[in-house]
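*Asks:* Handing you a structure now.
The values are calculated or read from the model by the stated rules, or taken from the named source; none is laboratory data. Computed from a predicted structure; not experimentally measured. Cβ coordinates were reconstructed from backbone atoms using ideal geometry, including for glycine residues, and neighbour counts include every protein chain displayed. Protein only, heavy atoms only, side chains kept; ligands, DNA and RNA dropped before computing areas. Shrake-Rupley method; radii C 1.70, N 1.55, O 1.52, S 1.80 Å.
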Amino acid sequence: QVQLVESGGGLVQAGGSLRLSCAASGSFFSINSMGWYRQAPGKQRELVAAIPSGGAPNYADSVKGRFTISRDNAKNTVNLQMNSLKPEDTAVYYCNAHLKNYFYSPSREYWGKGTLVNVSS
């Protein structure tokens, strides 16, 4: 059974930094893309950043220049370094991965349970 486990959320003042980490565990053949989404109260879940296997990362316009996504394929982890945090970054952040359970299986999407990032003004 595949699991995505996030860590690193918390409370930080505006202008501060946090680093989120996500590790994929369980039995699977390969991971295609990994990324981070967030959902603020009363809003829809939105893409923050994603990085495909062997490809360039993409970011939401609202976080470009402030957030950096990185991935360690050997460890099946993805990190999100968040700098210059703003109150509007407050949300539950979810790890996301598209992976193949077996060589011939289609890619499936998995989600972590989420970690809260709270940025105070």
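*Asks:* When the residues of region 59-77 are narrowed to those that are of a type in the set (D, E, K, R) and farther than 13 Å from residue 20 by Cβ, which ends up most open to solvent (accessible area, probe 1.4 Å)?
*Replies:* So in region 59-77, the residues of a type in the set (D, E, K, R) come out as 61, 64, 66, 71-72, 75.
Retained after the next criterion (residues that are farther than 13 Å from residue 20 by Cβ): 61, 64, 66, 72, 75.
Numbers: 61: 124, 64: 117, 66: 30, 72: 53, 75: 144 Å².
The extreme case among them is 75.
*Asks:* Restricting attention to region 26-51, report how many residues are at pLDDT below 95, in a strand (DSSP E or B) and open to solvent by 50 Å² or more (accessible area, probe 1.4 Å).
*Replies:* Residues meeting the conditions: 1.
*Asks:* What number of residues in region 55-87 are free of Cβ contacts under 8 Å to residues at least 40 places away in the same chain, within 24 Å of residue 119 (Cα to Cα) and of a type outside the set (Val, Ile, Thr)? Don't jump to the end; show me each part of the working.
*Replies:* Narrowing region 55-87 to residues free of Cβ contacts under 8 Å to residues at least 40 places away in the same chain: 55-72, 74.
Add one more test, that the residue is within 24 Å of residue 119 (Cα to Cα), and what stays is 58-70.
Still in the list and also of a type outside the set (Val, Ile, Thr): 58-62, 64-67, 70.
The number of residues fulfilling the criteria is 10.
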